[in-house]
Structures are given as C-alpha cells and as structure tokens.
Amino acid sequence: MGRALKTAVLVLPILLVGCKIATIRPLEPEGEARDPQEFDAATYVDALWEEDLPAALEQAVDLGELLPALAADPEAAREKWGRREGSGPFHVVVKGSGRVTDVDTSSRTGLARLDIQASDEDREILLQIGPVIRGTSIRDALPTVSFDQFVNQIQYADVANALNARTEEGLLASLEREELAGKRIGFVGMATLGEPPLTVTPVRIEPEGP
C-alpha cells in the first residue's frame, strides 16, 4: 500500500468522528402543508347545499322572461343573466313551470320535454330527470364557485360530480318519471345557455296540478 493511500485511510476515521449526521426536515411544520388528497368534495358540497344554493335559487331568473330574451338577442341575454369562467359558456339559475309533453326514459339520462308559457306563446325546454345527470350546470351556475378556489382540475370536477350526486340521490331517485307526462310541474334549476331547446338540470321539482 502506497504512503498516500495509508495516510488517507488513517485520516478518514478522524474526519468522520468530527462529523454530525443531520436529519433533513420539511420547511413547513408537520400538519401545515396543503395536501390536495385531503380535499373532500362531499363535505364541501354539504356546505354549499345548506348556504350558497338557497341564496342562488332566490336569484333565479324566470324562464317566462329569459326564453323570449334569448330568442330576441341571445348575446345580450347571456351577458345580462349568465355567468361563466373565462371564455367558457354562460350558465344561469332558472325557475319556471310548464306542462310535460313527453318523457324519454330510454336511457339513464332521462329527459322530460316541457311547454313553458312565455310572452303569450309556448316555448319548449328539456328537463333532466335522470336518474343520472349529465354536465356541470349546477356547479357552473353557482356564483360562489369558481375554478381558482381549488388546487387542481380534479377537485373542481369532483365538486360538479358531488353536486350532481346530491340531486340524483335527493330529488331524482324518488321521482316518478313515467307519471310526469301530461302534468304541470314547477321547478328551479341550472342551465347552460347554448342552442335551443334549453336543457335545465333541476334541484327542485314540485307538482302544480293535473
């Protein structure tokens, strides 16, 4: 063994004796780091359902006013009553009543076709009657919910799914779909302002007579 190598072998233990082994710790104290996995959409929606939703429903625009406005000037009507994220579609909270002229339950995303009295004439809309709901209209029409409140797109999507689930389980699960045809009903819900006929996702449905 060369003299230089022997010297290195002797010096190394001496150097190690003077060293401390440090434990690497996170910069944030335990429990303070924000973990996206801890977000619970159902709990978040519970609070929305009790506080934000009733306030939003009180501001619902009547379809008797909205439908003629959309027919006359769609852009102006969307700007007046709708809300949207960035350059996305407009969404609105609506209320109305009408007679069910047809019920389609051929799939789990059932639809009821209604005639709505507006400006002395009937205008047609579609009402989602489930038992499964499509789209994100409930989330997107609520004025207190926006994408920048969430850590990522997954949380934002989870909120939409949880809101739909609340309607599916609390309203549509017990709805007698096959009995709706020919009846008058009142409803409050959310809609995306696209091409007619307007499709409404209800959160409240009430019978109004035969």
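The values are calculated or read from the model by the stated rules, or taken from the named source; none is laboratory data. Bear in mind the structure is a predicted one, so any value in this text is a computation, not a measurement. Backbone-built Cβ (ideal geometry, glycine too); neighbour counts: all protein chains shown. Just the protein is used for accessible areas: all its heavy atoms, side chains included, with ligands, DNA and RNA removed. Shrake-Rupley method; radii C 1.70, N 1.55, O 1.52, S 1.80 Å.
The table that follows gives values for the structure above.
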| item | result |
| --- | --- |
| Hey, residue 101 surrounded by 15 or more Cβ atoms within 10 Å (Cβ to Cβ) and among the polar types (S, T, N, Q) or not | no |
| Scan of segment 36-82 for residues that are surrounded by 15 or more Cβ atoms within 10 Å (Cβ to Cβ), touching a strand residue (DSSP E or B) at 6+ places or on another chain (Cβ under 7 Å) and not aliphatic (A, V, I, L, M), ordered by number | 64, 68, 81, 82 |
| Candidates 124, 195, 208, 179 - the one that is among the acidic types (Asp, Glu), within 21 Å of residue 77 (Cα to Cα) and more than 23 Å from the chain's Cα centre (by Cα) | 124 |
| Residue within segment 132-141 that is within 14 Å of residue 191 (Cβ to Cβ), among the β-branched types (Val, Ile, Thr) and outside any loop (DSSP other than H, G, I, E, B) present | yes |
| Residues (modelled with pLDDT under 95 and small (Gly, Ala, Ser)) located in segment 175-210 | 194, 209 |
| Lone qualifier among 170, 130 - being open to solvent by 20 Å² or more (accessible area, probe 1.4 Å) and either over 15 Å from residue 95 (Cβ atoms) or out of contact with any strand residue (DSSP E or B) (no Cβ under 7 Å at 6 or more places or on another chain) (or both) | 170 |
| Sole exception among (1) within 14 Å of the chain's Cα centre (by Cα); (2) at pLDDT 95 or above; (3) open to solvent by 50 Å² or more (accessible area, probe 1.4 Å) for residue 85, by number | (2) |
| Residue in segment 147-162 that is more than 16 Å from residue 63 (Cα to Cα) and assigned to a strand (DSSP E or B) present | no |
| Selection from segment 113-127 of residues that are open to solvent by 10 Å² or more (accessible area, probe 1.4 Å), part of a strand (DSSP E or B) and farther than 28 Å from residue 51 by Cα | 113, 115, 117, 121, 122, 123, 124 |
| Residues of segment 200-210 satisfying the condition of being on the phi < 0 side of the Ramachandran plot and open to solvent by less than 50 Å² (accessible area, probe 1.4 Å) | 200, 201, 202, 203, 205 |
| Residues of segment 85-112 classified as part of a strand (DSSP E or B) and without any contact (Cβ under 8 Å) to a residue 60 or more places away in the chain, total | 2 |
